[in-house]
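Working notes for the structure below.
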Amino acid sequence: MKKKSVMLVLILALSSLLTACGSYKFEPEMNIEVQDFSVTNQKNEQVSLDTFKGKPWLAMFIFTNCNTICPPMTFNMTEVQKALQDEGVEDYQIVAFSVDPEVDKPDVLTNYLKSYSVPDASKWQLLTGYDQKFIEQFARQSFNSHVKNDPNSDQVIHMGSYYLVNADGIVVKDYSGNTEVPVETIVADMKALTK
């Protein structure tokens, strides 16, 4: 009798696992409203929060003189974009906020992006046109992210996360953007938000 009960439990568990494989359920982990902003992108165009509303976007904080995590974060984002393309996901944006806006003028950001094999540069928005105090407060209040100028060097301390923002401008999830990037999870989440 015990063997039959154990077998029945195993069969039920296996069938529920197989059922779950067929459909992915997006589970938001955060709920932070992105504050409105009006800034400049790498094409020297004015953009605001309204520019990005209506479709999901992936956000990150980087700067062009970064000698630690920004190059791998940017490269990893190109890999995420390739995976999105492979899955046929098209309705999204990639938004990178510079944490060194004094240096990262639009032409500097344009040249920075050209140094990577970006699958579709039209989906990238590299943002600047604000002061250091703004980006430190904005990162904390809109993304619960830490940005701080290092007074002892030309580097800026910041987190290496990607943030998933839904079509309403709400940060719903964050991921590692530096190491062990969960590309498949990001793609699955983005697909869930673009349906």
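Given labels modelled 7 Å from the Cα in the Cβ direction, how far is it in nm from Thr68 to Ala167? Reported label-point gap for Thr68 and Ala167 is 3.8 nm. In order along the range 95-111, the Karplus-derived 3J(HN,Hα) couplings, from 6.51 cos²θ - 1.76 cosθ + 1.60 at θ = phi - 60°, round to 10, 10, 8, 6, 9, 9, x, 5, 8, 7, 6, x, 5, 5, 5, 4, 5 Hz, and Gly and Pro are given as x.
With all protein chains kept in place, the per residue accessible area of the chain amounts to 54 square angstrom at a probe of 1.4 angstrom.
Each of Leu84, Ser142, Asn65 was placed along the dipole of the chain (beta-carbon charges, centred on the mean Cα), and the one lying farthest toward the positive end is Leu84.
Magnitude of the charge dipole for the range 109-190, about its Cα centre and with charges confined to Cβ atoms of Lys, Arg (+1) and Asp, Glu (-1), is about 160 debye. Distance between the 7 Å Cα→Cβ label points at Gln85 and Asp36: 3.6 nm.
What does the extension gain come out to for Lys195 and Phe26, with contour length at 0.36 nm per residue minus their alpha carbon separation?
59.7 nm
Relative to the longest principal axis of the Cα atoms of the chain, the long axis of helix 183-194 lies at roughly 90 degrees. Protein heavy-atom surface of the chain, 1.4 angstrom probe: 52% of the accessible area is carbon and sulfur, with nucleic acids and ligands not counted.
Rounded to the nearest 20 debye, the dipole magnitude of the range 49-195 is 200 debye, with +1 charges on Lys and Arg beta carbons, -1 on Asp and Glu beta carbons, and the Cα centre as origin. Selection among Ile186, Tyr112, Gln132 by position relative to the dipole of the chain gives Ile186 as farthest towards the positive end (Cβ unit charges, Cα centre).
Residues of the range 73-93 falling in the label zone of Ser117, defined by backbone nitrogen less than 11 Å from a point 7 Å along Cα to beta-carbon, are 79.
The values are calculated or read from the model by the stated rules, or taken from the named source; none is laboratory data. Everything numeric in this text was worked out from a predicted model, so none of it was measured. Reconstructed Cβ throughout: ideal geometry from the backbone, glycine too, with neighbour counts over all protein chains shown. For the accessible areas, the whole protein counts, side chains as well, though only heavy atoms, and no ligand, DNA or RNA atoms are used. Shrake-Rupley method; radii C 1.70, N 1.55, O 1.52, S 1.80 Å.
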